[in-house]
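Report on the following structure.
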Amino acid sequence: MERLLRFIRTRWAWALVLPPLLFFLAFFVGPLLYLFFVSLHDVSQAEMYGTRFTVENYVRIVGDPFYLFIIRRTLTAGLAVSGLSLLIGYPVALSMVRMSPSRRSLLLMALLFPLMVSNVIRAYGWIAILGRRGVINNVLGDVGLLQAPLPLMYSLETVVVGLLTILLPYMIICLVNALLTVDRNLEEAAQALGAGPGRTFLHVTLPLSTPGIASGLLLVFLLTLSAYVTVQLLGGAQSKMLVSLVYDSVMTFVWPRAAALAFVLLAISLAVTTMMLKGIRPQRVQGKG
Amino acid sequence: MSTGGPAADVVLRRVTKSFGSVVAVNDLTLDIPRGMFLSLLGPSGCGKTTTLRLIAGFEQPSEGDVFIRGQRVNFVPAYRRDFSMVFQNFALFPHMTVAKNVAFGLRMRRVPHAERETRVREALALVHLTGFEQRYPKQLSGGQQQRVALARAIVVRPAVLLLDEPLGSLDKKLREEMQVELRQLQRAIGITTVFVTHDQEEALTLSDRVAIMNGGQIEQMGTPRELYERPATDFVANFLGVSNIFEGRVIGRQDGEARVAIGPIQVSVDWEPGLEAGGPVRVAVRPEKIRLGAPDEPGGLPARLRHVVYLGATTHFYLEGPEGRSLVVHVQNVSPDTALWTLGDNVSCHLEPRSVFVLRKG
């Protein structure tokens, strides 16, 4: 009887897991493998990919200074946006967990509010502020401080600022959730042992919030790597990133190169993820080294 | 070091602490001499934890002064006060090994590395945890975590050790073992200790002195025996064990004792200021200090058995006395034939001499 029940229960579990699993296999793992297959072929004018099996696409990307430059820029943007959002977001998150729960949820709502506005609209908002005929240039020009408009648009910095304003809420929410799980007793215990506020933070609060730091950094980094609209509108032709190149390749029907670029992007994501987790060691909160 | 303040290790002078309109600690004065193990005992909300937190510096008094080793520490933050604390949930740092947890206070006090290692080793030996240095708190049992918390607290050799219900989360057997260990350790290093608990048995077992708190004030403070044998108020009499309370009448005074009439019988109690001949008095007696006798035995209060609970070593009798008053009597089962009364029996209750005490209004 008991065995029967267990059988039914495991069967039920499988029945629940199976549909999403099949969906995932059919529409993610399958296409991904196919994409890898495509990336290992030469370019064809008529077909999606040629008949010759080759690693030439990858060799070209790694050997071409242009691609390397774009890869470096992409990495720089990812690290800058995630790093800055951590620096800006941590004090915010810290003060939010010290608030009463009602005020905190009000602020969380306020943080989520900008996410309801489309990235396209927000990018145009930045153009209205920073463009040649934008608010800043107009005001500074009218008061006679400028001879020619400042070139505020179409640079890596603009892209970083634009992405930062979009992605900062994700970082703050990750940090707030992590900091809420830090037992306040531990901070009092540290104080009882003679640690002032600074050292309590350094030795107790900060290390115990590493899971939030790790998830926030990874989330923001990966979202930056895959951002397109903001990069395109604020960076223009001068500040392309890897995703823009994938898009350009697809638009010119060079599918194998687009596929190879996609895998280079994936490899970078995996590598940086691994390094961040190694460096931050969020698992130490569980008391496992 | 001394600034002319009080001599005891911890002194609270007329301390009041309010949170908004709630008064948690109300005009409390307390002296804790060096080396004493004092328990703050009371129901939840009596202000015992707030008192502890006032000593620690996690709360600041609304009125009054707190002294540690003669120094006024009002508004001195917790991390500059000379104390350490064991928390109810132990509050071990989960990301540090046992050794690092214990060393934390020494690191904060900038004790040199070599001395730190020696003292950590000694402290862990003291709590029988040698060999556990590299474990993480998650890898320890509740009792072991408790000991790490204790080692972490004593390794810094504080003026005062504060314990906030540190045994509350352990199971009964382990709790009793830890009680013994805690007391032996405290005696061995002679550290002034304030122990907060709501468990009366724990307070009686461990303490030199017990302060019973109620409504933000100390109802009564004394040795465990004083508090049990001579509770001063209804609250203390009923919080520490059970008491039978009687309304009596003072009928005379002789040799520092008062004769009190309770219904048909007379007993002697210690004379208390405020008693007057002919006046009313509330007296009480513990259930194990009443002897049951045959209904016709002279000198007893007549009563009828309403309920009997046999507990092996003792039997608890619930009786209805004069004027419908209920009484509890505990009888030690010294032989198989002890106290064989059954429900509905009429008996007489004999109060043991010198066991009756006067209750103040409370």
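The values are calculated or read from the model by the stated rules, or taken from the named source; none is laboratory data. Computed from a predicted model, the values in this text were never measured in an experiment. Every residue, glycine as well, gets a Cβ built from its backbone with ideal geometry; the counts of neighbours run over all protein chains shown. Surface accessibility is based on the protein's heavy atoms, side chains included, excluding ligands, DNA and RNA. Shrake-Rupley method; radii C 1.70, N 1.55, O 1.52, S 1.80 Å.
In table form, for the structure just shown:
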| quantity | calculated |
| --- | --- |
| Single residue of B:Ser355, B:Ser348 found to be part of a loop (DSSP other than H, G, I, E, B), of a type in the set (S, T, N, Q) and surrounded by 13 or more Cβ atoms within 10 Å (Cβ to Cβ) | B:Ser355 |
| Index of the failed condition, A:Thr51 passing every other in (1) part of a helix (DSSP H, G or I); (2) within 23 Å of A:Ala260 (Cβ to Cβ); (3) open to solvent by 100 Å² or more (accessible area, probe 1.4 Å) | (1) |
| Scope the stretch B:254-274; condition part of a loop (DSSP other than H, G, I, E, B) and closer than 19 Å to B:Thr233 by Cα; matching residues | B:Trp271, B:Glu272, B:Pro273, B:Gly274 |
| Qualifying residue in the stretch B:289-306 (condition: open to solvent by 70 Å² or more (accessible area, probe 1.4 Å) and in contact with a helix residue (DSSP H, G or I) (Cβ under 8 Å, 6 or more places away or on another chain)) | yes |
| Identity of the residue in the stretch B:211-231, in a loop (DSSP other than H, G, I, E, B) and open to solvent by less than 10 Å² (accessible area, probe 1.4 Å), that ends up nearest to B:Val358 (Cα to Cα) | B:Pro231 |
| Residue ranges of helices (runs of 4 or more DSSP H) in the stretch B:98-210 with at least 3 members within 14 Å of chain A (Cβ to nearest Cβ) and of a type outside the set (D, E, K, R) | B:98-108, B:142-154 |
| Test: residue in the stretch B:329-340 that is assigned to a loop (DSSP other than H, G, I, E, B), open to solvent by 70 Å² or more (accessible area, probe 1.4 Å) and within 19 Å of B:Asp234 (Cα to Cα) | no |
| Helices (runs of 4 or more DSSP H) contained in the stretch A:170-289 and holding at least 2 residues away from chain B (no Cβ under 14 Å) and of a type outside the set (A, V, I, L, M, F, W, C) | A:210-225, A:242-251, A:255-280 |
| Residue tally, condition over 18 Å from A:Val246 (Cβ atoms) and in contact (Cβ under 8 Å) with a residue 24 or more places away in the chain, over the stretch A:45-63 | 1 |
| Qualifying residue in the stretch A:84-105 (condition: open to solvent by 70 Å² or more (accessible area, probe 1.4 Å), of a type in the set (Ser, Thr, Tyr), out of contact with any Lys or Arg (no Cβ under 6 Å at 6 or more places or on another chain) and without any contact (Cβ under 8 Å) to a residue 60 or more places away in the chain) | yes |
| Restricting the stretch B:301-328 to residues that are of a type in the set (Lys, Arg) and more than 21 Å from B:Ala237 (Cβ to Cβ), the residue that is farthest from the chain's Cα centre (by Cα) | B:Arg304 |
| Every residue from the stretch B:131-169 that is closer than 20 Å to A:Gly287 by Cβ and within 18 Å of the chain's Cα centre (by Cα) | B:Ser169 |
| Verdict on A:Val229 being of a type in the set (Val, Ile, Thr) and surrounded by 18 or more Cβ atoms within 10 Å (Cβ to Cβ) | no |
| Of the criteria (1) within 13 Å of B:Ser84 (Cα to Cα); (2) surrounded by fewer than 17 Cβ atoms within 10 Å (Cβ to Cβ), which one B:Leu163 fails | (2) |
| Single match in B:Gly252, B:Gly256 (criterion: small (Gly, Ala, Ser) and over 20 Å from B:Glu229 (Cβ atoms)) | B:Gly252 |
| Residues that are more than 22 Å from A:Leu164 (Cα to Cα), in a loop (DSSP other than H, G, I, E, B) and open to solvent by 60 Å² or more (accessible area, probe 1.4 Å), drawn from the stretch A:126-148 | A:Arg133, A:Val143, A:Leu145, A:Gln147, A:Ala148 |
| Residue count for the stretch B:137-146, restricted to those that are open to solvent by 40 Å² or more (accessible area, probe 1.4 Å) and in contact (Cβ under 8 Å) with a residue 24 or more places away in the chain | 2 |
| Residues satisfying the stated conditions in the stretch B:49-79, i.e. under 17 Å from B:Thr192 (Cα atoms), more than 14 Å from chain A (Cβ to nearest Cβ) and open to solvent by less than 40 Å² (accessible area, probe 1.4 Å) | B:Thr51, B:Val66, B:Phe67, B:Gly70 |
| For B:Arg109: the one exception among (1) in contact with a helix residue (DSSP H, G or I) (Cβ under 9 Å, 6 or more places away or on another chain); (2) surrounded by fewer than 20 Cβ atoms within 10 Å (Cβ to Cβ) | (1) |
| Scan of the stretch B:80-91 for residues that are of a type outside the set (Phe, Trp, Tyr) and either within 7 Å of chain A (Cβ to nearest Cβ) or within 14 Å of B:Ala123 (Cβ to Cβ) (or both), ordered by number | B:Ser84, B:Met85, B:Val86, B:Asn89, B:Ala91 |
| Residues located in the stretch B:51-97, provided they are in contact (Cβ under 8 Å) with a residue 40 or more places away in the chain, among the charged types (D, E, K, R) and not in a loop (DSSP other than H, G, I, E, B) | B:Glu63, B:Asp65, B:Arg72 |
| Residue among A:Leu193, A:Leu208 that alone is in contact with a Pro (Cβ under 8 Å, 6 or more places away or on another chain) and modelled with pLDDT of 90 or more | A:Leu208 |
